[in-house]
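Report on the structure given below.
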Amino acid sequence: MKICCDLDIVKLPDELKQAVVEKALPLDIAVQLVELNNPFVNEKMVQVINRKKRYEKDILKNALAAVAKSKNMKKKLNILKKATDAGVILSSVWDFGNRDNYAGDANFHGNAPTQVVEQCILRLTSKDDLIVDPMAGSGTTIDVCKAYNRKVRAFDLTPTRKDIVENDSRCIPMDDFSADLVFLHPPYLGMVKYSKKERDVSRLSLDEFLESMRLVIMESKRILKKDKHLCILVGNVVMKGKFISLSRKLSNICEELGLEDCGHAIKITKNSVSQRRRGKAIYAELATTKNLKQNHDIMLFWRK
Ligand SMILES: C[S@@+](CC[C@H](N)C(=O)[O-])C[C@H]1O[C@@H](n2cnc3c(N)ncnc32)[C@H](O)[C@@H]1O
């Protein structure tokens, strides 16, 4: 085989011949190799060419990986933009200032801050998803869902309005795998009794309360679709001078029931109904028992 008139390529070893054909070995160097006719030099040249091929392949591989990574990052940045445009807070301390009073009843003792419900549904659900509130109180969840085009079903042992169905939520009258999110806001134990009904969990002792909440959480898990979230808004309490971490106790139940921990947010409480009603008396009691005023609620996130 003649590459050019001056080069008798037959004199080259096979790998180098191949390199000339593939243009990995420049013609002028091939000419010199033929002239030298030295097996040691040829061997070295084969090594150099192979190393170069490997290097070029690596560069190509890295370049392709970088393109894929930046495409992926672009996708993630789009998701971030959508979330922040919708007003989603992506950090774990929520300080909203005053409650936005378009939803629920501003004077209902233990109402959920409107903005907390908004954060849950904006971050974790989409338009037309079905949200369930098993302890709906004054109906904050219902009004937020309507404002953001979500479907909603609300239950309470003592309904305060027509769109809340009377129900003891230790058993929820819904099919398995039917809800896209459950927003659960149990009573602040020891702070307010919502009714005289025996099944009202706000009337129970701590142990009975936890046993009942286990059933409500179990039911919430049952009605949730796979991978969907249970959001529990809970305040820790001081009862008879003793601090009780309801958030930890309810989290333990969620974990035991096989839900996946998705973290929590701290919601700073300002100007709560109890604060407005009892003012300094609360602080006086807590100062006496060397406890702290719980000026935050905890928003727990669990996934089925
Ligand atoms: C903290 S409030 C919920 C407040 C509500 N998120 C709002 O924004 O107005 C707790 C509610 O749990 C309800 N409740 C107590 N025991 C219940 C039970 N066994 N089943 C269903 N609801 C119950 C109470 O009637 C009360 O309305």
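The values are calculated or read from the model by the stated rules, or taken from the named source; none is laboratory data. Predicted model only: the values in this text are computed from it and were never measured. Glycine gets a Cβ as well: all are built from the backbone with ideal geometry, and neighbour counts include every protein chain shown. Protein only, heavy atoms only, side chains kept; ligands, DNA and RNA dropped before computing areas. Shrake-Rupley method; radii C 1.70, N 1.55, O 1.52, S 1.80 Å.
Here are some residues: Asp105, Asp143. Which one is surrounded by fewer than 22 Cβ atoms within 10 Å (Cβ to Cβ), within 12 Å of the ligand (Cβ to nearest atom) and in a helix (DSSP H, G or I)? Result of the check over Asp105, Asp143: Asp143. Inspection of segment 187-201 identifies no residue that is more than 9 Å from the ligand (Cβ to nearest atom), in contact (Cβ under 8 Å) with a residue 60 or more places away in the chain, under 25 Å from the mean Cα position of the chain (by Cα) and closer than 27 Å to Gln115 by Cα.
Residue-wise test of (1) open to solvent by less than 70 Å² (accessible area, probe 1.4 Å); (2) under 21 Å from Val182 (Cα atoms).
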| position | (1), (2) |
| --- | --- |
| Ala66 | yes, no |
| Lys75 | no, no |
| Lys81 | no, no |
| Ile89 | yes, yes |
| Asn101 | no, no |
| Pro113 | yes, yes |
| Glu118 | yes, yes |
| Arg123 | no, yes |
| Ser126 | yes, yes |
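A single member of Pro173, Pro159, Pro187 is in contact with a helix residue (DSSP H, G or I) (Cβ under 6 Å, 6 or more places away or on another chain), in the same structural domain as Asp297 (by TED's automatic domain parsing) and assigned to a loop (DSSP other than H, G, I, E, B), and it is Pro187.
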